[in-house]
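Have a look at the structure below, then the notes.
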Amino acid sequence: MKRDLLRLVDLARDECTALFALAAEIKAALRSGKPEHLLAGKTLAMIFEKPSLRTRVSFETGMFQLGGHAIYLAPWDIRLGERESVADVARNLARVVDMIVARTFRHEVLVELAAHATVPVINGLTDLHHPCQVLADLFTLVEQRRRLDDIRVAFVGDGNNLVHSWMEAAAVFRFTLAVACPAGYEPDAALLADCRARGARIEITRSVIDAARGADVLYTDVWTSMGQEDEAAERRAHFKDYQINDEALRHAAKDALVMHCLPAHRGEEITDAVIESRQSIVFDQAENRLHLQKALMAWLARESGT
Ligand code: CP
Ligand code: NVA
């Protein structure tokens, strides 16, 4: 049966661990100048309804390095659900390509794509989830020799798609996630209840300092996500105190790591000094998107028998 990655809990803990091991192997092979062509002759369709730097470049480069080929489909190329129904796009693509990655606004569109495609579908970010980012982040923490079942992660900012994937990661690995957000910007209540029912330890607080206290990881993301541009001014006012800065860092563990999925708005959710500090690993995260997603594509192809 084919496997998809639509949200982080689609993977069991041992599957995540296997992915991290494969990503480390693939990263080492690339560094040694002998990339493994695990997907020779395979093709990846990349559907994007929103802009992207990291996701597009890492998937496209990753497929090339694995011996395959990737096709970028911009919003105006296929006009998903307008020029053609989501189901028909999925059925057409699945007859030609071996895998699909999609970045959509509504998560339901991705779910529909996956339901009608007979090839693996990967979430390249939706309004609800961003599992590839958080898997690459977890891999980055493993590289930093952090034990995933024994950390405190403080997320400062909007209860958005990134937070939702972090909540699911907390359910899979059982670490503590503390989310500091303004009133009205909490993560999705049903998803929060679901993650807690799965065993996640998640704290929601208004206080950046309370979240940051003793944290091993300080994480943040933009105040205004793609698709929310009309709310940018209002959000800037509501989020002005939700910043990772020197004070937040002072309350975290001495060896705390600073993480950001990027793109960053310096001076808003994070200060320039903190993102440039030696505790910041934001560009390791960005690089690891490549290695982790190569492992993910190879693993999904193997699991799905494609
Ligand atoms: N972090 C991330 O997904 O970046 P892009 O939006 O540039 O792909
Ligand atoms: N929350 C952000 C993440 C960007 C990678 C957004 O959805 O725009």
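Return the residues of the stretch 40-86 that are away from ligand 1 (no atom under 13 Å from the Cβ), among the hydroxyl-bearing types (Ser, Thr, Tyr) and open to solvent by less than 50 Å² (accessible area, probe 1.4 Å); say none if nothing qualifies.
Thr43
Taking the stated definitions as given, is Asp210 more than 16 Å from ligand 1 (Cβ to nearest atom) and either on the phi < 0 side of the Ramachandran plot or of a type in the set (A, V, I, L, M, F, W, C) (or both)?
yes
Filter the stretch 1-59 for residues that are part of a loop (DSSP other than H, G, I, E, B), aliphatic (A, V, I, L, M) and under 30 Å from Asp149 (Cβ atoms) and give the result.
Met1, Leu6, Leu11, Ala12, Leu38
Within the stretch 218-243, how many residues turn out to be within 16 Å of ligand 1 (Cβ to nearest atom) and not charged (D, E, K, R)?
Within the stretch 218-243, residues that are within 16 Å of ligand 1 (Cβ to nearest atom) and not charged (D, E, K, R) number 9.
Every residue, every condition in (1) of a type in the set (Val, Ile, Thr); (2) in contact (Cβ under 8 Å) with a residue 24 or more places away in the chain; (3) within 12 Å of ligand 1 (Cβ to nearest atom), yes or no:
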residue: Leu125; (1), (2), (3): no, yes, yes
residue: Leu128; (1), (2), (3): no, yes, no
residue: Val142; (1), (2), (3): yes, yes, no
residue: Arg146; (1), (2), (3): no, yes, no
residue: Val153; (1), (2), (3): yes, yes, no
residue: Gly157; (1), (2), (3): no, yes, no
residue: Asn161; (1), (2), (3): no, yes, yes
residue: His164; (1), (2), (3): no, yes, no
residue: Glu168; (1), (2), (3): no, yes, no
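For residues that are under 20 Å from Trp166 (Cα atoms) and surrounded by fewer than 20 Cβ atoms within 10 Å (Cβ to Cβ), tally how many sit in the stretch 287-306.
Summing the residues that are under 20 Å from Trp166 (Cα atoms) and surrounded by fewer than 20 Cβ atoms within 10 Å (Cβ to Cβ) in the stretch 287-306 gives 1.
Just a yes or no: is a residue in the stretch 109-118 open to solvent by 10 Å² or more (accessible area, probe 1.4 Å), more than 23 Å from Val172 (Cα to Cα) and either in a loop (DSSP other than H, G, I, E, B) or within 16 Å of ligand 1 (Cβ to nearest atom) (or both)?
yes
Can you find a residue in the stretch 266-281 that is within 16 Å of ligand 1 (Cβ to nearest atom), among the small types (Gly, Ala, Ser) and under 18 Å from the mean Cα position of the chain (by Cα)?
yes
Take the residues in the stretch 198-257 that are in contact (Cβ under 8 Å) with a residue 24 or more places away in the chain and of a type in the set (Asp, Glu), then tell me which one is least open to solvent (accessible area, probe 1.4 Å).
Checked the stretch 198-257; the qualifying residue least open to solvent (accessible area, probe 1.4 Å) is Asp221.
The values are calculated or read from the model by the stated rules, or taken from the named source; none is laboratory data. Everything numeric here is computed off the predicted structure, so don't read it as measured data. Neighbour counts run over all protein chains shown; Cβ positions are idealised from the backbone, glycine included. Surface accessibility is based on the protein's heavy atoms, side chains included, excluding ligands, DNA and RNA. Shrake-Rupley method; radii C 1.70, N 1.55, O 1.52, S 1.80 Å.
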